[in-house]
Structure formats: C-alpha cells, structure tokens
Amino acid sequence: MENKAYRGHVLALPYPGQGHINPLLQFSKRLVSKGLKATLATTLYIHNAMQPQSSSSLQFDTISDGYDEGGFAQAESIHAYLNRMETIGSKTLADLIIKNKNTANPIDCIIYDPFLPWALEVAKKFGIFGAAFFTQTCAVNFIYYHVHHGLLKLPITSTPISIPGLPVLELEDMPSFISVPGSYPAYFEMVLNQFSSSDKADAILVNTFYELEPETVDSMSKVCQILPIGPTIPSFYLDKCLENDNDYGLNLFVSDSFVCNNWLNTKPKGSVIYLSFGSMASLSNKQMEELAFALKGSKFHFLWVVMASEEAKLPEKFVEEIGNKGLVVQWCSQLEVLSNKAIGCFLTHCGWNSTLEALSLGVPMVGLPQWTDQTTTAKYVQDVWKVGVRAKVCENGIVEREEIEFCIKEVMEGEKGKDFQKNAKKWRELAIKAISEGGNSDKNIDEFVSKFINS
Ligand code: UDP
C-alpha cells in the first residue's frame, strides 16, 4: 500500500525507440524531483527485453504495440506498425489507466510523444490532462507545423525558404521527408500528424531550451503555446541536483563501458574522434568504406560505434589493421564517452538527442546527417550554434573520405577548431543554466506542473 503523498501521477508514453525513450524517461525523473509520481510505459516487447527496474517513485509499466514478440522488426511495414500500434496501443493504454484508477495514485496526466497522437484521445476519454512532448528541435517542429497547416506548400519549387524565426533555409537544410519528396510516406504522415490534435493538448513541451532557439521559440509561441523544458540529460552531467542520476537507465543495446573508459583514459586530452550514427543507423556499404578510410588516413585516434547490424559493412580486416589507433564497439554509454576529456570531436548523424548531448557537454561536432530531422539540425550545428561543420555530400549521395578528413581537421585543430570549442563551452554553460533552479527550462517545468496540478 502506497502512503507517500505525491502532487500527482504522470504517465509518460514514448514512441518505442531509444531516441524517444531517453528524453521522456529523463523528463519523468525531473518531475519526480518536483514531487510527482511518474510511470513510464514502454511496449511489452521492450519491457520484456530490458526488464527495467521500478524505484520508489519512478515506475515502469507497459502498453502493447501489437507486436509483443518482436516489436517493430516483426511488422510487415512502417504503415502496418503504426496502424496496429494505434489500435492495440489505444486499448492497452486505456487498460493501464483503468488498472491505476482505484489505487492511491490514479493517473492524472499523460505526457505523450506526438508521434502517437491517439494517446491524447485516450487521455481525454478519461478526462485526464494530456501534454504533448516533442522530441525534435523547435525549428523542425515549426517546419512541420507550417506544412501541416498549409503555410508551406509542397513540393518546394523556390528556394531559399523563409519561415518566421528560422534562418533562411536551402532545400538540403529541410527535413529529408520534404527535400526528398515521396521518401518514407508513412513517417512523413506521422511527423505532420503531430499537429493533428496538439491544439487540444493541455500543454506542449519541447525538448530544447530557450537560449538555443530564441527566435524560433518566440515565433512558434505566437501560434502555439510551447514550453521548452530541456535539455533532458541526466542531472549528473548538468546541474548535479538529482541524486544517482547519471544514466538514462533504459538501454536497448548493451554497452561495454569498461572497455571504452579504459581505452579513452590512455589517450591525451582532446585527441579522440567519437563517431556514432544513433540507434537506427543504416549506412550504405560505400559510406562505411569512406568513413573507414578517412579514419585510417587521419592522424587522430577514434572510437566508433558500429552497431551489430552494420558490422558486415566494415572493410575486411579493418579492426585488426587499426590496432590501438581506434576502438570499434557495438554500443557505448554515449554520455560517459562524450564527457571523457580525451574526446576532441563528435562525428554524428545529428540525431536530436546526440546533438543536444554534445551541446550540453561542450563537444564540437562534424555533422553527417542521414535523414529525417538530422539535416536541419546539422544546418544549426554549423550556421546557428557554430559548434562544428556539416560535411558536404557528393552527387552520388556519399560523403567522400577526403571531405571527412578535411572536416575532422577543421574541428580538431586550427583557429576554427578553437572557435568551435569556445562556442561549445558557451552552450554547455547555457544548458546548465537553463535546467538549474530558476533557469528558463526549470521555470517552464514548474509552470507545467502547476498548470496540471491546478487543472
Ligand atoms: N546512444 C548511446 N550509445 C551509443 C549510441 C547512442 O547511448 O553507442 C544514445 C545517445 O546517447 C542518444 C540516443 O542513443 O541519447 C540516440 O538518439 P538520437 O536522437 O541521437 O538518434 P536516433 O537513435 O533517434 O537516430
């Protein structure tokens, strides 16, 4: 029997992917520090595979996406997955709410990933406060907002593109679903549908912080009440206010921290390039080859995350040949790695979590965006935040080895490199300030909590 008095009970519902679970899980921990009880609901498949451990205030529970045995990999198509998740997810989310109904702490707020807009309908059916939690930059959200509301007509026939509060954008800076018409129609529909019911949400939270995108936040706030509440990074790496919060806590892949730390600790300060393409990486064989040759040709050490599904794309004998110059692992604790003094630059796909982690830890970047929002984020890395460069893509869609080597040099050494480091340090300080007590994000979290408690 629970007897602790909580200010309310929130249920957080992420889209089932590492890059969506991490920020919502982290935000839940912040809410717990504000006196709320929080439950994170993953799919049954993820829950069974990961077996996350509930603590006294942060609980884990499940809904079903209809693919309990194999998750997304079991689905016939993206479209089939999303459809079935909506049907089965809605029903099992309702079951979860009912299960909690007659307990000491019934669920009175649902924070849902707007990739799953149906969650708001379920919340409303039960008269529960519903908050959308956007996991991409405010800039990307505002671009999709414009397309969804017909304010930006597709296909784009003239460039540059002007959206209030955003820098002038070329086609290559737009999310790939827009710059490559017809690509991934089911995902494109999903990102636009984030706004299908968000006007009915009781709050709209965005995982960014005001100082990072002030003009965009101001501009979007004129049409949509948004609360930037990020960065959602474990407290140990920022304000150090939450106890024992040094990891997201739910990893879909196994990392070997011991090996990574030991290896990094033998390398001089700022001498290592860290490379990762996130949790959904799928590079072409040619791109993997170009990366491998660039790393071999460069004079720097490197730590490269090559997921098990990508390993066969490495050139033959690559791992043997690099010796102690490089370390290739299938997964790592990225926060631990990024905060290691040996790291001089992060060659990244510019997934939003990875980028926000690099900004928050003060690490300059080389951007090699692949698809979805990564292209827009890479534009910001280079031209708005000025913390690195975006590698140029050839006509065949590949970033060639010479370009990769050139970008790495630009970030790792020289005058430009020093500027990137200076700017990265500035963003880290601003990130810490935003989430610390009295900072803009902290105030927005308080505003959100009181809005929901008094609703
Ligand atoms: N990540 C990690 N270890 C790795 C690679 C990635 O812990 O070896 C984490 C990273 O810290 C981030 C998430 O996985 O929080 C990836 O999210 P992101 O939005 O960057 O990319 P996505 O996986 O969604 O493409």
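Remark: for residue pairs Lys313/Lys425; Lys37/Lys240; Lys296/Lys416; Lys34/Lys425; Lys379/Lys426; Lys124/Lys222, the C-alpha separation exceeds 30 Å in Lys313/Lys425. The magnitude of the dipole of the stretch 1-126, with charges of +1 and -1 set on the Cβ of Lys/Arg and Asp/Glu and taken from the Cα centre, is near 660 debye.
When the accessible area of the stretch 390-455 is computed with all protein chains present and a 1.4 Å probe, what percentage of it is carbon and sulfur? Heavy-atom surface of the stretch 390-455 belonging to carbon and sulfur, 1.4 Å probe: 48 percent.
Per residue, the solvent-accessible area of the stretch 384-455 (1.4 Å probe, heavy atoms of protein chains only, all protein chains present) comes to 57 Å². Could you work out what % of the accessible surface of the stretch 181-337 is carbon and sulfur, using a 1.4 angstrom probe and leaving DNA, RNA and ligands out of the count? Reported share for carbon and sulfur atoms: 53 percent.
Return the tail of the calculated pair distribution for the stretch 91-236, meaning the percent of Cα-Cα pairs more than 27 Å apart. Before the final figure, lay out each step's value.
Details: 3142 of 10585 pairs.
So the portion of pairs separated by more than 27 Å is 30 percent.
Simple rule: put +1 on each Lys or Arg Cβ and -1 on each Asp or Glu Cβ in the stretch 69-214, find the dipole, and look at Val147, Met174, Pro106; the Cα lying farthest toward the positive end is Pro106. For the chain, the dipole from Cβ point charges (+1 on Lys and Arg, -1 on Asp and Glu) about the Cα centre works out to 900 debye, to the nearest 20. Normalised by the number of residues in the chain, the average gap of Cα pairs under 8 Å and 6 or more apart makes the relative contact order 14 percent. For the chain, the longest principal axis of the C-alpha atoms and the axis of helix 440-453 are separated by about 20°. With N the number of residues in the stretch 279-402, Rg(Cα) / (2.2 N^0.38 Å) evaluates to 1.02. Counting heavy atoms of the protein chains alone, Lys341 has an accessible area of about 140 Å² for a 1.4 Å probe.
What the stretch 254-348 shows is 43 Å² of accessible area per residue, with the surface traced by a 1.4 Å probe over protein heavy atoms.
Of the residues Thr216, Met288, Leu275, the one whose Cα sits farthest towards the positive end of the charge dipole of the chain is Thr216 (charges of +1 on Lys and Arg Cβ, -1 on Asp and Glu Cβ, taken about the Cα centre).
Take each peptide in 346-358, 93-105, count the other Cβ atoms within 10 Å of every residue, and average; sorted highest first, the result is 346-358, 93-105.
The values are calculated or read from the model by the stated rules, or taken from the named source; none is laboratory data. It should be emphasised that the depicted structure is a prediction, and the values quoted were computed from it without experimental measurement. Here the Cβ is made from the backbone with ideal geometry for all residues, glycine too, and neighbour counts use every protein chain on show. Keep in mind that these areas ignore ligands, DNA and RNA; they rest on the heavy atoms of the full protein, side chains included. Shrake-Rupley method; radii C 1.70, N 1.55, O 1.52, S 1.80 Å.
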